[in-house]
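The values are calculated or read from the model by the stated rules, or taken from the named source; none is laboratory data. In this text, all values refer to a predicted model and were calculated from it rather than measured experimentally. Please note: Cβ atoms are built from the backbone with ideal geometry, for glycine as well, and neighbour counts cover all protein chains shown.
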Amino acid sequence: MRRGTFLRAGALVGLAGLAACDSEGTPSARPSGTPTSPGSPSSSATSADPSPGETAEPPVEVRPAIAGELSRDLAVPWGITFLPDGRALVSMRDTAEVLLVGPEGADVIGTVPGVVSGAAQGGEGGLLGLALHPSYPDEPWLYAYVSTASDNRVVRMRYAGSGLGEPEPLLTGIATSVHHNGGGLVFGAEGLLFVSTGDAENSASAQDRESLNGKVLRITDTGGTPQGNPFGNPVWSYGHRNVEGITLDEDGRLWASEFGEDAADELNLIEPGGNYGWPQVEGTGGGRGLVDPLATWLPDDCSPSGIAVAQGRAWLGALQGQCVFSVELDGDERGTVRRHLVDDRLGRVRAVALAPDGSLWVGTSNRDGRATPGPHDDKLLRVTLT
């Protein structure tokens, strides 16, 4: 079944601002108690104010622009993984469909069975992250993070250019909930799969190193625990609230975007065995033994989901911020923080992926139950970086 066509960039319908956010930007009352200070600037500014004792660097000129509309009328595009020929497989969160998207349009190649979408109750589960085996097509496997009636899990399906095979469970028992399901997938340089999870609204699980929730996990391509994992199980890092976006930079470092509660969304450089502080702390200043984020935002201003690294910057889709943020990366340090595509009035931005040609593919999320969709939402766009 064909979905949409390749269209040139045109008028895009925007959305009104949302209320105070929880997780992906759900309007909610703020929790009681005193939040931890973010320790980094709000994203409402076009560049980051320096922390005390720091000197602001001049911003690097970067001008992302929408170059075209890849597909439209989509059901919450979530995961994007690219084929060797430059086309991509894209997951539809709420219909469990996988689309093959290219210059000629988008075709449904299959529906993943057993997926339970949380959209009807304003939730966040469904068909989430996708990743192709790094040796594809010699190893013709498509990996997916899915929400079922009993758990979140990682499965793989045979895909050799036509339909999808039956899902084979690789990692099961990741607790599911209405919110905080995580869902990111990315293969590392050693052919091992990184998986991001949420705390499933049980914050204590994030500090439990025997739990799969509130973690970044690392597994083999068949679901086993690789040698070198810090705790002898799939856990790679812990103390996370809800990580949806994970990606590698050109040096093989792992970056993650994390939803805060009411104090600080985070951009984190993931270290093996690192404790990122949740629920004891949001943002910076957690003290010895905790890993501070590289950058933070007020959740009302950001709510970061998809992430990619290109041209020395991390690029994050902002659901509540309704834009794309970039953070200049200088080794382990943060440079300028900027907002992009604000005037294009995209609404909620979720998916962000780096294409083989150096452009970004960006997906909106205006049909996820948190907004009023515009005409032909949701959309998948091609964004050039110049």
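In table form, for the structure just shown:
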item: Of all residues making up the stretch 140-166, the number that are aromatic (Phe, Trp, Tyr) and over 16 Å from the mean Cα position of the chain (by Cα); result: 2
item: Subset tally (residues that are surrounded by fewer than 20 Cβ atoms within 10 Å (Cβ to Cβ), touching a strand residue (DSSP E or B) at 6+ places or on another chain (Cβ under 7 Å) and of a type outside the set (A, V, I, L, M)) for the stretch 286-335; result: 3
item: The one condition in (1) at pLDDT below 95; (2) of a type outside the set (D, E, K, R); (3) in contact with a strand residue (DSSP E or B) (Cβ under 8 Å, 6 or more places away or on another chain) that Gly123 fails to fulfil; result: (3)
item: Residues of the stretch 140-178 that turn out to be among the hydroxyl-bearing types (Ser, Thr, Tyr) and more than 24 Å from Lys215 (Cα to Cα), as a count; result: 2
item: Considering residues of the stretch 336-355 that are more than 15 Å from Gln311 (Cβ to Cβ) and either among the hydroxyl-bearing types (Ser, Thr, Tyr) or surrounded by fewer than 19 Cβ atoms within 10 Å (Cβ to Cβ) (or both) only, the residue farthest from the chain's Cα centre (by Cα); result: Asp343
item: Within the stretch 347-386, tally of residues that are acidic (Asp, Glu), at pLDDT 95 or above and touching a strand residue (DSSP E or B) at 6+ places or on another chain (Cβ under 8 Å); result: 2
item: The stretch 199-220, subset farther than 14 Å from Thr172 by Cα and in contact with a helix residue (DSSP H, G or I) (Cβ under 7 Å, 6 or more places away or on another chain), residue surrounded by the most Cβ atoms within 10 Å (Cβ to Cβ); result: Gly214
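The rows are residues; the columns are (1) among the aliphatic types (A, V, I, L, M); (2) crowded, with 24+ Cβ neighbours inside 10 Å; (3) more than 19 Å from Gly79 (Cα to Cα); (4) under 20 Å from the mean Cα position of the chain (by Cα).
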residue	(1), (2), (3), (4)
Gly188	no, no, no, yes
Thr197	no, yes, no, yes
Thr222	no, no, yes, no
Val243	yes, yes, no, yes
Ser257	no, yes, no, yes
Glu261	no, no, yes, yes
Gly274	no, no, yes, yes
